[in-house]
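Report on the following structure.
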Amino acid sequence: MNRKSIVILLILLIAFGSFAWARGQEEPVASSQAAGAAEWEIPFLNVLTGPIASIGAYLQWGAEQAAREINEAGGIAGKPVKIGKIDTGMSPETGSVEMAKLAKSALVAMGPVPEPVIMASMPIAVENQFMSMTATTSFEYAEKFFPWSISWFPPTEQRLAMVISGWINELGLGGKSIVQFVVNYGPWPGMAAAHSVGIKNGGAKELNVVDVPQDAVTFGPLVVKALEQKPDAIILSAHPDKCAQIIIELKNRGW
């Protein structure tokens with residue numbers, strides 16, 4: 001078993017242990033069912049349809065690959081692990097309904113993935129003392145639901161501020177002007193705030209932020225707004241598809 005599998009196995013074992021410690025005798029039916037089960041089925045509240053389905057597909061593949069590696073090493077307590085698929089899409093309503101079901105029938109879950117689904121459904125997990133391991137979201141979102149979730153990342157400011165300061169130093173941008181494009185939703189504002197700390201620490205000047213609406217389809221006016229400030233460098237705090245559109249508009253304007 002390689003190091004990645006060992007880490008995942010430990011997380012799963014901790015999750016199962018947390019469940020048992022917290023619930024005690026509250027769910028004797030679920031406990032007895034788990035004891036007699038032929039496999040450990042871990043449901044994954046994932047986003048498998050909609051605009052970020054590619055992220056969900058990647059995460060699903062990773063979870064199933066980890067399960068394969070764990071099973072090749074003998075499973076957990078001699079039982080194989082199976083990853084279930086539950087598609088929430090981007091719907092908070094669907095996520096909440098599915099989480100309510102799992103909180104009464106499952107030992108532990110993975111996900112949810114999109115922040116709107118996390119914010120809507122994780123309070124149900126907390127209320128039921130049900131461990132559900134959120135995926136891809138920032139520490140700042142996940143910490144609201146500790147100890148019934150975990151964060152795969154340290155606080156955003158600890159990571160990104162240092163990265164931005166190093167970037168400024170590497171490119172000689174000290175004393176230069178930097179503008180950020182920021183989607184006003186999800187993890188992006190928190191990331192942008194960490195970027196701002198890094199810009200200041202790196203000795204650069206931050207210009208006025210250009211807000212990128214979540215539903216933006218036209219980016220020319222946003223790029224014009226940014227270029228009017230005459231930046232020396234640009235930081236994009238946005239979804240990949242929006243970043244691509246912004247870059248196209250920047251190139252079209254000779255930047």
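The values are calculated or read from the model by the stated rules, or taken from the named source; none is laboratory data. These numbers come from a predicted model, not from an experiment. Here the Cβ is made from the backbone with ideal geometry for all residues, glycine too, and neighbour counts use every protein chain on show.
Annotations
- The number of residues in the stretch 106-134 being buried (at least 22 other Cβ atoms within 10 Å of the Cβ), under 20 Å from His239 (Cβ atoms) and either free of Cβ contacts under 8 Å to residues at least 40 places away in the same chain or among the hydrophobic types (A, V, I, L, M, F, W, C) (or both) comes to 4.
- Within the stretch 82-103, the set of residues being touching a residue at least 40 places away in the same chain (Cβ under 8 Å) and either part of a helix (DSSP H, G or I) or more than 22 Å from Ile55 (Cα to Cα) (or both) comprises Gly95, Glu98, Met99, Leu102.
- Residue match in the stretch 156-179 (condition: over 30 Å from Lys230 (Cβ atoms) and either surrounded by fewer than 21 Cβ atoms within 10 Å (Cβ to Cβ) or among the aromatic types (Phe, Trp, Tyr) (or both)): yes
- Looking only at residues in the stretch 196-251 that are polar (S, T, N, Q) and either assigned by TED's automatic domain parsing to the domain that holds Pro114 or closer than 19 Å to Ile164 by Cα (or both), the one that is surrounded by the fewest Cβ atoms within 10 Å (Cβ to Cβ) is Asn208.
- For the condition under 15 Å from the mean Cα position of the chain (by Cα) and over 19 Å from Glu41 (Cβ atoms), Ser138 qualifies.
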